[in-house]
1. Go through the residues of segment 27-43 one by one and say whether even a single one is surrounded by 14 or more Cβ atoms within 10 Å (Cβ to Cβ) and either among the basic types (Lys, Arg) or under 30 Å from Ser240 (Cα atoms) (or both).
2. State which residue pairs qualify: first residue within 20 Å of Phe237 (Cα to Cα) and inside segment 396-424, second residue outside any strand (DSSP E or B) and of a type in the set (A, V, I, L, M) in any location, beta carbons under 6 Å apart, and separation of 6 or more residues or different chains.
3. Name every residue in segment 387-411 that is in a loop (DSSP other than H, G, I, E, B) and at pLDDT 95 or above, in order of residue number.
4. Grab the helices (runs of 4 or more DSSP H) fully contained in segment 1-118, keeping just those with 2 or more residues being farther than 26 Å from Ala187 by Cβ.
5. Return only the number of the condition from (1) at pLDDT below 95; (2) closer than 20 Å to Tyr19 by Cα that Leu64 does not satisfy.
6. Only one of Phe152, Phe165 is away from ligand 2 (no atom under 16 Å from the Cβ) and not acidic (Asp, Glu); which?
7. Find all pairs meeting these conditions: Cβ atoms under 6 angstrom apart; at least six residues apart or on different chains; first residue within segment 349-378 and more than 15 Å from Thr431 (Cβ to Cβ) and at pLDDT 95 or above; second residue among the acidic types (Asp, Glu) and outside any helix (DSSP H, G or I).
8. Report yes if some residue within segment 367-385 is touching a Cys at 6+ places or on another chain (Cβ under 8 Å) and either surrounded by 13 or more Cβ atoms within 10 Å (Cβ to Cβ) or among the hydroxyl-bearing types (Ser, Thr, Tyr) (or both); otherwise report no.
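The values are calculated or read from the model by the stated rules, or taken from the named source; none is laboratory data. Values in this document were obtained by computation on a predicted structure and should not be read as measured data. With ideal geometry, Cβ positions are generated from the backbone for all residues, glycine too; neighbour counts draw on all protein chains shown.
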Amino acid sequence: MTAPKKLFIKTYGCQMNVYDSERMAEELGAQGYSETKSVEDADMILLNTCHIREKAAEKVYSELGRFKKLKAAKPDLKIGVAGCVAQAEGQEIMRRQPLVDLVVGPQSYHRLPEMEAKARSGEKVLDTDFPEEDKFEKLKRRPKAPRGPSAFLTVQEGCDKFCAFCVVPYTRGAEVSRPVDRILTEARDLVERGVREITLLGQNVNAYHGAGPQGDMTLAQLIWELDKVDGLERIRFTTSHPNDMMDDLIEAHATCKKLMPYLHLPVQAGSDRILKRMNRSHTAESYLRLLERIRAARPDILISGDFIVGFPEETEADFQATLDLVEEVKYGTAYSFKYSTRPGTPAAERPQVDPAEADDRLQRLQALLTRQQREIQDSMVGREVGVLFEKPGREAGQMLGKSDYLHAVHVADCGRKVGDLARVRIVESRTNSLAGELID
Ligand code: SAM
Ligand code: SF4
């Protein structure tokens, strides 16, 4: 018997890339690959890239450059680039970095086994199509191997919103929702493998409108279908757009016990002038009123957000409006970024904010968000929360898990195992985590 080939995958960016990497590893698993954490052992290296951050492509080229020696020592080593940089750069990657054997866009990775075979026979292969066929249909059914208790499941991909700063509509393509029955099958398979919490993923997950038995279903309807899956205890979803936050989804937050009290709802900015220039199609006021309705349905919900500072033409007064909005909302977690130009997007051509000014604003915003995050975390002390245990902690007998609100929680002398759900009383708030005690 020949030794199994080894695959090393490095994943950049969002949860959807984490999910895609798992699926790519499974596809190549069927070709005899097993995963390795050591790049030196690999017969194939795959970089699953993200194009959201500044100089994303340059970082990929420099990472690839580091594989030169490995490839020289092991000529059979195959190197591939996947994800959104692969989509955006295409042929240019092979031109600039001849050691790359394979380039695959996010919509084509179901073709990876074929591509790998071609690469093995010495061909250079590139596929950055947006194929007619549904990649999820073509992917093999997921293997049955046991896995951790928390999993991602992509239900919707792509985006039709075209925010003026964002590359996603160009790299991931138009919005597409997967059919309900396929999602349920995948969810049941995951539960059989030990999964108890599923996070439904989509660039605009709340715009989900997949085919169901009686026509298209909304995200809330899909959540109610998943609610019926025995053994699945927790449901989450991300990322949502404020304009797609439908009444039935808000209602589900009030009534669906498996739906966790956590909502990532990016606003990006607090100035209506800037929101308009961003093509966000909501205002600060409409966002705040929406949150009021969501909090009326689920008063303890933890709100998370995304922000961009230094968007072209943002003034100090515009920035102040962002700070005001943050003061009003009180975010439990948040991701904030300095605007960075994406060639080909509408905002790229506009007058840029002085970088030092943008840095200063980012620091001020982050100081406020960090303070809020800490206050909300501290307010958990004394409360009872559900915790799903994900791994043993560093100390003997300690277990680490996530609360309903997605806070990291550790419990000493726990006596529970990975995958157990327990009621925990929070006793202490530390820098990035909470300490708790089992209630019974
Ligand atoms: N679909 C989600 C939404 O509507 O907010 C998020 C998509 S994007 C992958 C994640 C975050 O990256 C965005 O919410 C935004 O804050 C940030 N982002 C996207 N493009 C950016 C850019 N050109 N400069 C800085 N931040 C950016
Ligand atoms: Fe990008 Fe999100 Fe806007 Fe779509 S809605 S363009 S993914 S920021």
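1. Checked against the condition, which is being surrounded by 14 or more Cβ atoms within 10 Å (Cβ to Cβ) and either among the basic types (Lys, Arg) or under 30 Å from Ser240 (Cα atoms) (or both), segment 27-43 yields at least one hit.
2. Asp404/Met260
3. Once the filter is applied, which keeps residues that are in a loop (DSSP other than H, G, I, E, B) and at pLDDT 95 or above, segment 387-411 yields Gln398, Asp404, Tyr405, Leu406, His407.
4. Per the criteria, 56-65, 68-73, 83-89, 91-96.
5. Evaluating Leu64 over (1) at pLDDT below 95; (2) closer than 20 Å to Tyr19 by Cα leaves (2) as the failure.
6. The match here is Phe152.
7. Note: pairs meeting the criteria are Val353/Glu314.
8. Checking segment 367-385: not a single residue is touching a Cys at 6+ places or on another chain (Cβ under 8 Å) and either surrounded by 13 or more Cβ atoms within 10 Å (Cβ to Cβ) or among the hydroxyl-bearing types (Ser, Thr, Tyr) (or both).
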